[in-house]
1. Condition check: touching a strand residue (DSSP E or B) at 6+ places or on another chain (Cβ under 8 Å) and part of a loop (DSSP other than H, G, I, E, B). Does PRO113 satisfy that?
2. Inside region 20-38, can you point out the residues that are in contact with a helix residue (DSSP H, G or I) (Cβ under 9 Å, 6 or more places away or on another chain) and not in a loop (DSSP other than H, G, I, E, B)?
3. Can you tell me how many residues within region 58-114 are out of contact with any Ser or Thr (no Cβ under 8 Å at 6 or more places or on another chain), of a type in the set (A, V, I, L, M, F, W, C) and at pLDDT 85 or above?
4. Considering region 1-18 alone, what residues qualify as being at pLDDT 85 or above and outside any strand (DSSP E or B)?
5. Is it the case, given these coordinates, that GLY103 is outside any strand (DSSP E or B) and surrounded by 17 or more Cβ atoms within 10 Å (Cβ to Cβ)?
6. Only residues in region 135-160 that are closer than 17 Å to ALA21 by Cα count as the first member; pair them with residues that are in a helix (DSSP H, G or I) and modelled with pLDDT under 90, Cβ under 9 angstrom, at least 6 apart or cross-chain, and list the lot.
Amino acid sequence: MAAKKKKSDPNRKIVAENRKARYNYELLEVLEAGLMLTGTEVKSFREGKANIAESYASFEEGEIWLINSYVPEYLQGNRFNHEPRRKRKLLLKAREIKRLSDGIDREGMTLVPLKIYFNDRGRAKIEIALGKGKKLHDKRQSEKTRDWNRQKAKLLKEHG
């Protein structure tokens, strides 16, 4: 697994982010994977136009695929444009694929895409996480914790 980068890293340009993933899922393991893309998809990514809010990753035929992600057609792409909602293959090592597929099969977990970004070498990468869906009471608890942390920070700022 690659070293975790800071949010303020100037070389990391975030293209799409799934902000509700941390609210809807309890994320257990986060991995970075490559994406197999066509040229017009990369150009759409560079314009910052992509959506992974409703997408998920699936294990099929020994490979992991990103399903239901939306990458709009590149305007200057003419007849060589891509389909906006096609399946995209994720590039992972065999060992990582095996570990993720075991988690999906045995424990009933889901592969959730968190964000798509360009790394410092200009390669499109996706951050995926193995997660378990939260129940309604877990979501309420997360909201209470988040609200309490906000109030605590506000009180410390005012009085400290």
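1. In short, no.
2. Going residue by residue through region 20-38, those that are in contact with a helix residue (DSSP H, G or I) (Cβ under 9 Å, 6 or more places away or on another chain) are 22-24, 26-29, 31, 33, 35, 37-38.
Matches in region 20-38: ARG22, TYR23, ASN24, GLU26, LEU27, LEU28, GLU29, LEU31, ALA33, LEU35.
3. Start the filter on region 58-114 by keeping residues that are out of contact with any Ser or Thr (no Cβ under 8 Å at 6 or more places or on another chain), which leaves 58, 60-63, 75-76, 78-79, 83-84, 86-87, 89-103, 105-110, 112, 114.
Retained after the next criterion (residues that are of a type in the set (A, V, I, L, M, F, W, C)): 75, 90-92, 94, 97, 100, 109, 112, 114.
Going one step further and asking which of them are at pLDDT 85 or above, we end up with 90-92, 94, 97, 100, 112, 114.
So the count comes out to 8.
4. ASN18
5. On the way: outside any strand (DSSP E or B): yes; surrounded by 17 or more Cβ atoms within 10 Å (Cβ to Cβ): yes.
For GLY103, the condition - outside any strand (DSSP E or B) and surrounded by 17 or more Cβ atoms within 10 Å (Cβ to Cβ) - is met.
6. Note: pairs meeting the criteria are LYS139/TYR23; LYS139/ASN24; SER142/ARG22; SER142/TYR23; GLU143/TYR23.
The values are calculated or read from the model by the stated rules, or taken from the named source; none is laboratory data. This is a predicted model, so every value here is computed, not measured. Don't worry about glycine lacking a Cβ; one is built from the backbone with ideal geometry, like all the others, and counts go over all protein chains shown.
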